1. Rounded, prolate or oblate: which one fits the range 237-378, using the alpha carbon gyration tensor with axes a ≥ b ≥ c (rounded when a/c is under 1.5, else prolate when a/b beats b/c, else oblate)?
2. So, counting K/R as plus one and D/E as minus one, what does the shell of residues with Cβ under 14 Å around ALA262 add up to?
3. Helix-derived [θ] at 222 nm for the chain: sum -39500 (n - 2.57) over DSSP H runs of at least 4, divide by residue count, nearest 500?
4. Quote the relative contact order of the chain in percent (integer), defining contacts as alpha-carbon pairs under 8 Å separated by 6+ residues.
5. Among residues other than PRO168 whose Cβ falls under 14 Å from its Cβ, what is the net charge (Lys/Arg +1, Asp/Glu -1)?
6. Can you work out the Karplus-derived ³J(HN,Hα) for every residue in the range 386-403? Use 6.51 cos²θ - 1.76 cosθ + 1.60 with θ = phi - 60°, whole Hz, and x for glycine or proline.
7. Explain nothing, just the number: relative contact order of the range 172-279, from Cα pairs under 8 Å at least 6 residues apart, as a whole percent.
8. What FRET efficiency do you get for GLN412 and ALA227 if R0 is 56 Å and r is their Cβ-Cβ distance, rounded to the nearest 0.05?
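The values are calculated or read from the model by the stated rules, or taken from the named source; none is laboratory data. What you are looking at is a predicted structure, and each value in this text was computed from that prediction instead of being measured. We place every Cβ from the backbone using ideal geometry, glycine too, and count neighbours over all the protein chains shown. Just so you know, the surface numbers come from the protein's heavy atoms only, side chains and all, with ligands and any DNA or RNA stripped out. Shrake-Rupley method; radii C 1.70, N 1.55, O 1.52, S 1.80 Å.
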Amino acid sequence: MKNKRSSRRPGAVPAAAASGFMPSHRPLSLLLLLAALLGACASERPSWPAEAWPASLPLSEGMDPGVLSALDREIASGQHGCVDSMLVIRHGKAVWDRSYPRDYGRVYGTEAGRPGPLNPHDPGGPYNYFNPWWHPYYRGGDLHTMQSVTKTVTSVVIGTATARGEFPSLDTPVLRFFDPAAVANVDDRKRRLSIRHLLTMTAGLDWNEELPYDDPANSCTLMEASADWVGFTIDRPMAAEPGTAFNYNSGASQLLAHIFRAATGRDIEEYAAAHLFAPLGIRQWFWKRTPTGLADTEGGLYLRSHDLARIAYLFLRDGSWEGRAVVTPEWVRESVAPAVAVSPRGVKYGLKWWLYPYGPGDSRLAWAGSGFGGQMPIVFPDLDLVVVFTGWNILPDRPHLTHRIVIDRVRQAVRERSVPAGS
């Protein structure tokens with residue numbers, strides 16, 4: 001059973017402050033007007049977190065505490081399933097910071113001891129997704145599994161290596177990093193498969209990850225049950241011309257761990273520690289390993305939600321952190337430029353970033369990561385706003401919080417609209 005944890009963390013906004021309650025007889029509309037003026041002044045110069053995010057009131061940063069409070073109550077009551085945290089950063093300040101303790105030993109206790117697709121190996125191991133020692137928190141602490149948000153962070157690490165001139169062109173063929181004679185199902189299409197195609201989920205490999213993850217026919221589930229994830233993926237036959245269509249493929253993201261090591265001579269976690277985590281002040285993380293020892297770049301990273309917000313904030317600030325370029329502005333723009341359409345509802349995909357329209361009639365795009373169970377870092381570039389939600393809704397028949405719900409509700413809370421100041 002996971003140890004009980006306080007709902008308060010270092011730097012957390014006290015509940016009374018987060019609610020925005022202020023003893024006053026002035027109309028709320030006047031308070032919001034004053035908050036808009038204060039928020040506009042606050043956004044003139046970027047605010048940076050040190051050990052913790054600086055805290056502020058929603059009203060002071062141009063946000064309606066009533067809207068945030070309503071969503072908070074829904075989460076606390078279980079209306080959206082097992083959501084673990086809600087963090088809202090406006091103008092570089094934490095205006096809402098809540099966590100919601102869950103007893104995952106009770107929630108998934110039955111499934112944890114029953115072998116199945118989400119528990120294919122040792123029941124006590126890190127790929128038993130029902131084991132509360134590993135999921136969603138690492139060993140009962142505050143490092144939360146990122147699942148497929150790991151893919152987004154992997155792309156950012158590649159961006160740091162690109163900025164340092166230590167990573168090849170994204171148009172480099174993937175087979176350059178393999179012995180083609182040892183790869184199965186090589187044809188002209190596989191020879192045209194490039195790093196860019198892996199990053200944009202347009203690899204063209206025969207892969208079905210549309211099935212639920214508890215379905216044993218899911219390609220990702222089969223990969224994670226194999227002894228060699230890279231070999232399993234690169235040996236898949238081709239089903240389409242690379243670059244022509246979106247097909248979600250976690251194995252393609254795992255190939256990036258192999259390519260990164262082959263191209264740079266460095267392990268991607270080691271590189272991230274030096275060139276991404278250290279500059280941003282991220283000091284704690286855990287990164288699972290595949291059976292062959294590679295970092296699990298498709299879903300193995302654990303971070304604190306406050307540190308995930310730092311990575312999102314880096315992109316909000318055009319790739320710079322306190323005046324230092326960690327990734328280039330060009331990499332940020334390329335990462336969040338729509339590379340391929342995902343759905344008729346306007347969702348698109350960049351370099352491991354999901355791109356969601358702000359709403360009906362508003363074609364502006366929010367930049368997001370998306371992880372199994374409810375991991376959602378979302379950047380609103382035109383609103384100087386970053387939000388992070390974590391959760392552990394891993395069974396398909398349970399309620400869960402979606403990106404669309406979060407984007408719609410958080411946008412409703414914005415009363416003062418602004419674009420981010422330069423870094």
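1. Verdict is oblate for the range 237-378.
2. Numbers: positive: ARG176, ARG261, ARG266; negative: GLU166, ASP179, ASP267.
Residues close to ALA262 contribute a combined charge of 0.
3. Estimated from H runs of four or more residues: -8000 deg cm²/dmol.
4. Values: 823 pairs, mean separation 87.0, N = 423.
Dividing the mean separation by the residue count of the chain yields 21 percent.
5. +3
6. 10, 10, 9, 10, 10, x, 8, 9, 10, 9, x, 9, 10, x, 8, 8, 10, 4
7. 31 percent
8. That pair, GLN412 with ALA227, gives E of 0.70.
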